[in-house]
Amino acid sequence: MVDTGLKDRVALITGGNHGIGAASAIAFAKEGVKVFINYLRLTPEEYGGISREEADKAKEPGRGYYYRTLEKSADEVMKTIRDLGGECDSWEADLADPKNISSLFDRVEGRFGKVDILVNNAAHDRCDTFIPQSELNRSPNFLGEYPMRTISAESHDEHFAVNTRAVVLLMEEYARRYIDRKSTWGRIINITTDGAYAHPSNVSYGASKYAVESYSRAAAYELGPYGLTVNVVSPGAVQTGWMTKELEESIAESYPLRRIGRPEDIAHALIFFASQQADWITGQVLHVGGGNKM
């Protein structure tokens, strides 16, 4: 067994109530890490634009099923961690509000002490496009499932507030506290998407994630002298409940490894970047997507 050197470290994981964040929280707990989860519950009506009845009826992965998972608290994840004998806590807070950034670190430090590992996973994703609404009325759905809207100041700002600005402010808050206490070991791991370079039909999501990759490289250069590494995991399509069976099979056929990802696939990459085995790796973007991007 490989010793990752993570036992008794403290990890702050955003968006940890479902999907990749939940799998990552559990994976870190299995390594003996004390885990603090930030999350935000999103209702099907407000975030997905579908009725409660439609979401509740969904029994298989797809739009309704996915939007229902976004409404989960972190309780289920924390129960799993505690059943494993791990330590964890959580706080629900909207990272689009900059005032919550400092408060989040205060809560983690009050519960477990200094943060060693920051995983920026929380994301906002509502498809927008440069295609005008008059054209969208004829073909309104992304991948046949998710409604698209023409890009606007509102759609741009919604994505960048969570996917970029919150990540930047969390990195800054962590770096300041880290340097003030004269720490010598730390990890920042940001999650983007292999569609970051260009994401047609989901343009603001892709662009906001691409900006994170630039910020991450700059942070890696500036913070390296302090012993703090900054890396990026860029996932391909991961089944977190959003893909129908038909869509999953269709996408898998285009991937060299002929399957789409599982949340645990991304969690494994996060554990590696946090581990002592990655001590001399920083400023890197690791594509974890079955060979979809090489």
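Values computed for the structure shown
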| quantity | calculated |
| --- | --- |
| Evaluation of ALA55 against (1) more than 17 Å from VAL167 (Cα to Cα); (2) surrounded by fewer than 21 Cβ atoms within 10 Å (Cβ to Cβ) (one fails), failing number | (2) |
| Any pair with Cβ under 6 angstrom, 6 or more apart, that starts in region 271-294 at a residue that is aromatic (Phe, Trp, Tyr) and ends at one that is crowded, with 17+ Cβ neighbours inside 10 Å | PHE272/ALA278; PHE273/ILE189; PHE273/ASN231 |
| Candidates SER204, SER208, filtered to the one that is part of a helix (DSSP H, G or I), in contact with a helix residue (DSSP H, G or I) (Cβ under 8 Å, 6 or more places away or on another chain), of a type outside the set (A, V, I, L, M) and over 26 Å from ILE117 (Cα atoms) | SER204 |
| First in region 1-15 and surrounded by fewer than 19 Cβ atoms within 10 Å (Cβ to Cβ), second anywhere and part of a strand (DSSP E or B), Cβ under 8 Å, 6 or more apart | ASP8/LYS34 |
| Count of region 216-264 residues which are in contact (Cβ under 8 Å) with a residue 60 or more places away in the chain, part of a helix (DSSP H, G or I) and of a type in the set (Gly, Ala, Ser) | 2 |
| Near pairs, Cβ below 9 angstrom, 6+ apart or cross-chain, from region 73-91 (under 14 Å from PHE112 (Cβ atoms)) to any residue that is buried (at least 17 other Cβ atoms within 10 Å of the Cβ) and acidic (Asp, Glu) | ILE81/GLU87 |
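The numbers here are math on the coordinates, done by the rules we state, and not lab data. Only a predicted model underlies this, so the values are computations on that prediction, with no experimental measurement involved. Every residue, glycine as well, gets a Cβ built from its backbone with ideal geometry; the counts of neighbours run over all protein chains shown.
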